[in-house]
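Okay, structure first, notes after.
The values are calculated or read from the model by the stated rules, or taken from the named source; none is laboratory data. In this text the structure is predicted, and so the values were computed from the model without any measurement. Cβ: placed from backbone, ideal geometry, glycine included. Neighbour counts: every protein chain shown. Protein only, heavy atoms only, side chains kept; ligands, DNA and RNA dropped before computing areas. Shrake-Rupley method; radii C 1.70, N 1.55, O 1.52, S 1.80 Å.
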Amino acid sequence: MRKFGVSATFLGFCFGASGIAGAAYPVYPSAQVPLYQQQYQQQMQRQGMYPATTGTVQLPTPNGTVLVANSGVAAPATRVTGALPQVGSAATAAGRKYYLPSDYDRLADSGLYVGLSVAYAASVMGSIKADYASEQDAYVVPGAFAGADFAHDTVMPLQVSVGSALNNDIRVDFSYTRYSGLSYPDHVYTAEYTGAATVQTSVEGGAITANTTMLNIYYNLDSYTGYVAGGSLRPYVGVGVGLSLNTIADYVVYDDTYYTIIEDLGTTINHAGLLTGISDIYAYHNGGTNEQLAFMAEAGITTDLGGGIKVDFFARYANLGRVKTSGSIVLSQIEWLSDGLGNEVQADYDSVFHYTNWYESGRLSLIDVGMRLRLQF
């Protein structure tokens, strides 16, 4: 009896241990395989007939019935091919259109980058005018009394930028842009010496440059537009704000009109040295540099050249604030005097005047188109 008891205890321990082990194994209760199915699978394996190629097998049960059960072999996965669904279809609730990895990753911005751009100013807007026009006796100092558009030759803004992509849709950069090829108008309409009308004058000098630094943010629009040109182009928009250091060089406004002070020279007999007329008036306007708030708006498309190089083709509007002189004007003119005999002669001295805090200024903005190369790291 003792031996039988020991044997029974040992057998019970073994079966209990196997039961515990079996109970500890499954993660999902539905994954447990019945004992008779295990025995059947072992038999089929010994006969080289397992795994089965069909989805179900007939299994004998302890009571002699036949049970049709799943063989445990997973059906092969179905591969879905073709285009992924677009936003708004019944198949997805995602907030953006989908891209195949080969296209999306190629167009995506990533990491730090440096950029270099060159553009052409298709339109230059803004004019300059004498702020001192309302000052007393201001009409005697030639300047832009009627607004005059800035003169410009070829304006090719050059830009250097350093930035980073925040995610696939947004990138931020810091840029420096230099604008040159602008100048004060080559002629302006100044007040006639008596202030009764305006006359055309000629101008020399007055080159204008603007050095602009901005913080810019760009947003890729492909979330809304989807593929463009088969996925090779990516549209974007951008805005920026910063400071522009605007400089205008010295310039001279020359009025060659002769202005009569005394028409009847007969009244000047015995009055030698009396001022009878003025001509050849030169107004030397000292240039100036001032710092202005500037902003820009840009739209364009991006394409990829490979090797981490991207190209932006863009159109940009930039408002650079005001261009303003230093307010210092030196006036030189020729004076004509009575000789006391009813005639007039040119004075043998220089007639020079200095005016301060008499400014000329005007706003400056441009629309330019160009190309930017960006090297990503």
State which residue is surrounded by the fewest Cβ atoms within 10 Å (Cβ to Cβ) when the search covers only region 136-149 and only residues that are at pLDDT below 95 and part of a loop (DSSP other than H, G, I, E, B). 136
Which of (1) in contact with a Gly (Cβ under 8 Å, 6 or more places away or on another chain); (2) surrounded by 15 or more Cβ atoms within 10 Å (Cβ to Cβ); (3) modelled with pLDDT under 95 does residue 249 not meet, given it meets every other one? (3)
Confirm whether residue 206 is of a type in the set (Gly, Ala, Ser) and under 18 Å from residue 317 (Cα atoms). no
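Do we find that residue 115 is part of a strand (DSSP E or B) and modelled with pLDDT of 90 or more in this structure? Break it down into steps so the answer makes sense when it comes.
Working: part of a strand (DSSP E or B): yes; modelled with pLDDT of 90 or more: yes.
Answer is yes for this residue.
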Those residues of region 330-377 that are within 30 Å of residue 266 (Cα to Cα), among the small types (Gly, Ala, Ser) and part of a strand (DSSP E or B) come to a total of 3
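Please enumerate the residues belonging to region 328-377 that are under 30 Å from residue 306 (Cα atoms) and either crowded, with 17+ Cβ neighbours inside 10 Å or of a type in the set (S, T, N, Q) (or both).
Listed by number, the residues that qualify are 368, 370, 372, 374, 376.
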Out of (1) aromatic (Phe, Trp, Tyr); (2) farther than 22 Å from residue 316 by Cα; (3) free of Cβ contacts under 8 Å to residues at least 60 places away in the same chain, the odd one out for residue 176 is which? (2)
Selection within region 150-182 - within 30 Å of residue 197 (Cβ to Cβ) and open to solvent by less than 50 Å² (accessible area, probe 1.4 Å): 150, 151, 182
Hey, residue 293 hits all of (1) open to solvent by 70 Å² or more (accessible area, probe 1.4 Å); (2) modelled with pLDDT under 95; (3) among the aliphatic types (A, V, I, L, M) but one; which does it fall short on? (2)
Condition first: closer than 30 Å to residue 122 by Cβ, among the acidic types (Asp, Glu) and in contact with a Lys or Arg (Cβ under 7 Å, 6 or more places away or on another chain). Can you find one or more residues in region 296-303 that meet it? yes
If I filter region 325-373 down to residues being farther than 22 Å from residue 135 by Cβ and aromatic (Phe, Trp, Tyr), which single residue comes out as modelled with the lowest pLDDT? 349
Looking at (1) surrounded by fewer than 20 Cβ atoms within 10 Å (Cβ to Cβ); (2) at pLDDT 95 or above; (3) of a type in the set (A, V, I, L, M), can you tell me which one residue 229 breaks? (2)
Is there a residue in region 271-288 that is of a type in the set (S, T, N, Q), in contact with a helix residue (DSSP H, G or I) (Cβ under 6 Å, 6 or more places away or on another chain) and crowded, with 20+ Cβ neighbours inside 10 Å? no
Could you grab me the full set of residues in region 186-226 that are open to solvent by 40 Å² or more (accessible area, probe 1.4 Å), farther than 24 Å from residue 144 by Cβ and either hydroxyl-bearing (Ser, Thr, Tyr) or over 35 Å from the mean Cα position of the chain (by Cα) (or both)? 213, 219, 224, 225
